[in-house]
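Here's the structure we're looking at; comments come further down.
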Amino acid sequence: MKLSRLLFGVEVRGASLGGFVLDRDIPAVCSDSRKVTKDCLFICLRGIHDDGHAHAAAALERGAAMLICERGREVILPNGSPYVLVDDTRSACAKIWNNFCGDPASRLCVTAITGTNGKTTTACLLQRIYQTAGDTFAEWDDAEPANRFSDTRMIGTLTGTLTTPDPDELYPLLADLASDGCDNVVIEASSHALALGKLDALMPEYAVFTNLSTEHLDFHGTMDNYFAAKAKLFRMARLGIANADDAYFPRLLSEAACPIKSYSMYGADADYRAVDIKSRGTYGSDYTLVTPESGTAREIAREIAREIAIHTPLCGAFNVANTLAAAATALEAGIPGEIVAAGIASFDAVKGRFEQVNATRGLGFDVFIDFAHTPDALTNILKTARAVVKPGGRLTVLFGCGGDRDPFKRPVMGKIASSLADFTVITSDNSRSEQPSAIISQILKGFDRERPHTVIENRRDAIFYALENAREGDLILLAGKGHENYELTASGKRHFDEREIVAEWVNGRGAGDGDAP
């Protein structure tokens, strides 16, 4: 692909081509000097711990034909280097990869979901609604093409190691989906990805905001920066869908560049509202979804009811909010209310989101796994778990906090656990380069030491302890890892699946030597 085409949409601030011509073909794009191939375009990315500009000479020696670098950083490039100057190489990287892959972003209807909690569940719900719509539309003679919704893909936590893939993975993936005939893509947009420009080549049809609470301050520094990363999505999209119950909603409304449709489950004056909410315990919730009087933004042939009866098998008030977000987005996309309701009713689980472990059925107590790793998420899941504990049973929570991540939340989560659980097992959770004992000490600073608890650093041993001490009617919540099947420590990454560990205990009734599998 010609360099001029690769740079389409990139704001170029200067260049030193050194005899290089814009119509020269570039066979590859790279941002890792170790992977440079002959005549490739090398993008100098500046990271937290490393700066790609420092590897420019190595890239040129390995055969790179041209460098993309940030204005002001060209001074450290070797003399005579051919380069193009931009303000932000990360933003340029996304646009260059999108161009290199044939601009798949323009051929897909993209919904991007952002928020501290609820991204994965909302994305899964929306995918199910779209698939339900595709199956139903296929039976209508007057419908749009049947595959408009049926082939909807999701990119996020459950499909990769990163919530939002890097550009060299994301845009080739989008190109593959577009080539396969996929029309709709639902993407989990993390704050890191937005701040680092990974999605800058996209113009999402819909941007969804679920909520914002303390998280990732190790990266963003302040809540203002964290919010700014999320708000960026609403300067890229055609239409926003946002949670009116969240404290940051008014600010998002004032800073967004796109129209915003709101939703609420707590009585806010919103476009989409959940009323008459009835909890069914472990069987989910029922509510009435009240839609705008004027109908949806995209009118369709069939009349849409103003009130829609919704049943979700997902339990907990936070899942009412997640279904609201998905429903509002789907209705704005033109999907009839009855199909939205059917899609939500057919979706009964997300791996690692208040997922019941079947291995303990019949033992008199229940075990649930949840990804809750933020103060807000831990609060919500403990309140949900409390509502479904059997009469006379106790609520036990087992949790830790990740290493090399926001340390400010650790004592906060300790306080939450001691106030909302009957018994707490404090343990490790992806300690990475930090000492687990140091992380646990910070958790204990906020924990009420008068409340029943124990500290067991080894997470497998901690799980065994919780199971061995369970009583009739108890509910044990294993919080923090959710869908993950690995553990990250200073020694590296190793297999660690809590479902397997629970099953191991059930099969051996506690037999084991305490070593992680």
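The values are calculated or read from the model by the stated rules, or taken from the named source; none is laboratory data. The structure presented is a predicted model; accordingly, all values stated were derived computationally and were not measured. With ideal geometry, Cβ positions are generated from the backbone for all residues, glycine too; neighbour counts draw on all protein chains shown.
Determine whether Leu363 is out of contact with any Phe, Trp or Tyr (no Cβ under 7 Å at 6 or more places or on another chain) and of a type outside the set (Asp, Glu). Write out each step before concluding.
Working: out of contact with any Phe, Trp or Tyr (no Cβ under 7 Å at 6 or more places or on another chain): yes; of a type outside the set (Asp, Glu): yes.
Yes; evaluated as a whole, the condition is true for this residue.
Looking at region 449-464, which of its residues are in a helix (DSSP H, G or I) and within 29 Å of the chain's Cα centre (by Cα)? Outline the logic, then answer.
Residues of region 449-464 in a helix (DSSP H, G or I): 459-464.
Result: Arg459, Arg460, Ala462, Ile463.
Residues in region 449-459 that are of a type in the set (Asp, Glu) and surrounded by 14 or more Cβ atoms within 10 Å (Cβ to Cβ): how many?
Matching residues across region 449-459 total 1.
Quick one: in region 14-43, which of the residues that are surrounded by 13 or more Cβ atoms within 10 Å (Cβ to Cβ) and basic (Lys, Arg) is farthest from Arg73 (Cα to Cα)?
The qualifying residue farthest from Arg73 (Cα to Cα) is Arg24.
Quick check on this structure: which one of Val84, Val10 is touching a helix residue (DSSP H, G or I) at 6+ places or on another chain (Cβ under 6 Å), outside the structural domain of Asp245 (by TED's automatic domain parsing), of a type outside the set (Phe, Trp, Tyr) and crowded, with 21+ Cβ neighbours inside 10 Å? Working first, answer last.
Numbers: Val84 fails: touching a helix residue (DSSP H, G or I) at 6+ places or on another chain (Cβ under 6 Å).
Exactly one of Val84, Val10 is touching a helix residue (DSSP H, G or I) at 6+ places or on another chain (Cβ under 6 Å), outside the structural domain of Asp245 (by TED's automatic domain parsing), of a type outside the set (Phe, Trp, Tyr) and crowded, with 21+ Cβ neighbours inside 10 Å, namely Val10.
Among what's in region 57-81 and is within 16 Å of Ala28 (Cα to Cα) and in contact with a Cys (Cβ under 8 Å, 6 or more places away or on another chain), pick the residue that is surrounded by the fewest Cβ atoms within 10 Å (Cβ to Cβ).
Gly63
For region 202-275, give me every one of the strands (runs of 3 or more DSSP E) that falls completely inside it and has 3 or more residues that are more than 30 Å from Arg410 (Cβ to Cβ).
On the way: elements: 206-209, 239-243, 260-264.
Answer list for region 202-275: 239-243, 260-264.
Using the structure shown, decide if Arg432 is among the basic types (Lys, Arg), surrounded by fewer than 22 Cβ atoms within 10 Å (Cβ to Cβ), at pLDDT 95 or above and in the same structural domain as Leu395 (by TED's automatic domain parsing). Steps first, please.
Values: among the basic types (Lys, Arg): yes; surrounded by fewer than 22 Cβ atoms within 10 Å (Cβ to Cβ): yes; at pLDDT 95 or above: yes; in the same structural domain as Leu395 (by TED's automatic domain parsing): yes.
Considered against the rule, which asks whether it is among the basic types (Lys, Arg), surrounded by fewer than 22 Cβ atoms within 10 Å (Cβ to Cβ), at pLDDT 95 or above and in the same structural domain as Leu395 (by TED's automatic domain parsing), Arg432 comes out as yes.
For the condition free of Cβ contacts under 8 Å to residues at least 24 places away in the same chain and not basic (Lys, Arg), what is the one hit in Ala15, Ala28?
Details: Ala15 fails: free of Cβ contacts under 8 Å to residues at least 24 places away in the same chain.
None of the others qualify; the one that does is Ala28.
Looking only at residues in region 407-416 that are out of contact with any Leu (no Cβ under 7 Å at 6 or more places or on another chain) and more than 19 Å from Thr454 (Cα to Cα), which one is surrounded by the most Cβ atoms within 10 Å (Cβ to Cβ)? Reasoning before the result, please.
Looking only at region 407-416, we keep the residues that are out of contact with any Leu (no Cβ under 7 Å at 6 or more places or on another chain), and these are 407, 409-412, 415.
If we keep only those that are more than 19 Å from Thr454 (Cα to Cα) too, we end up with 407, 409.
Details: Pro407: 16, Lys409: 26.
Among those that are out of contact with any Leu (no Cβ under 7 Å at 6 or more places or on another chain) and more than 19 Å from Thr454 (Cα to Cα), it is Lys409.
Which count do you get for residues in region 87-104 that are aliphatic (A, V, I, L, M) and surrounded by fewer than 24 Cβ atoms within 10 Å (Cβ to Cβ)?
Filtering region 87-104 down to residues aliphatic (A, V, I, L, M) leaves 92, 94, 96.
In the following step, the residues that additionally are surrounded by fewer than 24 Cβ atoms within 10 Å (Cβ to Cβ) were identified as none.
Adding up the residues that qualify gives 0.
Could you check, for region 474-481, whether at least one of its residues is surrounded by fewer than 21 Cβ atoms within 10 Å (Cβ to Cβ) and modelled with pLDDT of 95 or more?
Start the filter on region 474-481 by keeping residues that are surrounded by fewer than 21 Cβ atoms within 10 Å (Cβ to Cβ), which leaves none.
Within region 474-481 (the criterion being surrounded by fewer than 21 Cβ atoms within 10 Å (Cβ to Cβ) and modelled with pLDDT of 95 or more), the answer is no, since none of the residues qualifies.
Within region 151-187, restricting attention to residues that are touching a Phe, Trp or Tyr at 6+ places or on another chain (Cβ under 7 Å) and assigned to a strand (DSSP E or B), which residue is farthest from Phe371 (Cα to Cα)? Working first, answer last.
Initially, region 151-187 is screened for residues touching a Phe, Trp or Tyr at 6+ places or on another chain (Cβ under 7 Å), giving 152, 167-168, 171, 184.
From what is left, the residues that are assigned to a strand (DSSP E or B) are 152, 184.
Details: Thr152: 24, Asn184: 26 Å.
Only one residue tops the list, namely Asn184.
Residue by residue, here is whether (1) in contact (Cβ under 8 Å) with a residue 40 or more places away in the chain; (2) farther than 22 Å from Pro375 by Cβ holds:
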site: Gly446; (1), (2): no, no
site: Val455; (1), (2): no, no
site: Ala466; (1), (2): yes, no
site: Ala479; (1), (2): yes, no
site: Ala490; (1), (2): yes, yes
site: Glu498; (1), (2): yes, no
site: Val502; (1), (2): yes, yes
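Quick one: is Asp406 at pLDDT below 95 and of a type in the set (Asp, Glu)? Talk me through it step by step, then tell me what you get.
Details: at pLDDT below 95: yes; of a type in the set (Asp, Glu): yes.
Answer is yes for this residue.
For region 191-200, indicate whether the set of residues that are in contact with a strand residue (DSSP E or B) (Cβ under 9 Å, 6 or more places away or on another chain), of a type in the set (Gly, Ala, Ser) and in a strand (DSSP E or B) is non-empty.
Checking region 191-200: not a single residue is in contact with a strand residue (DSSP E or B) (Cβ under 9 Å, 6 or more places away or on another chain), of a type in the set (Gly, Ala, Ser) and in a strand (DSSP E or B).
Does any residue in region 380-406 that is buried (at least 19 other Cβ atoms within 10 Å of the Cβ) come within less than 7 Å, Cβ to Cβ, of a residue that is modelled with pLDDT of 95 or more and of a type in the set (S, T, N, Q) six or more places away or on a different chain, and which pairs are these?
Pairs that qualify, where the first residue is buried (at least 19 other Cβ atoms within 10 Å of the Cβ) and the partner is modelled with pLDDT of 95 or more and of a type in the set (S, T, N, Q), are Val397/Thr424; Leu398/Thr427; Gly400/Thr427; Gly400/Ser428; Gly402/Asn430; Gly403/Asn430; Gly403/Ser431; Gly403/Ser433.
Six or more apart or on different chains, Cβ atoms under 6 Å: show the pairs whose first residue is in region 328-345 and surrounded by 21 or more Cβ atoms within 10 Å (Cβ to Cβ) and whose second is modelled with pLDDT of 95 or more and of a type in the set (Ser, Thr, Tyr).
Filtered contacts from region 328-345: Ala328/Tyr263; Ala328/Tyr272; Thr329/Tyr206; Ile344/Thr312; Ile344/Thr323.
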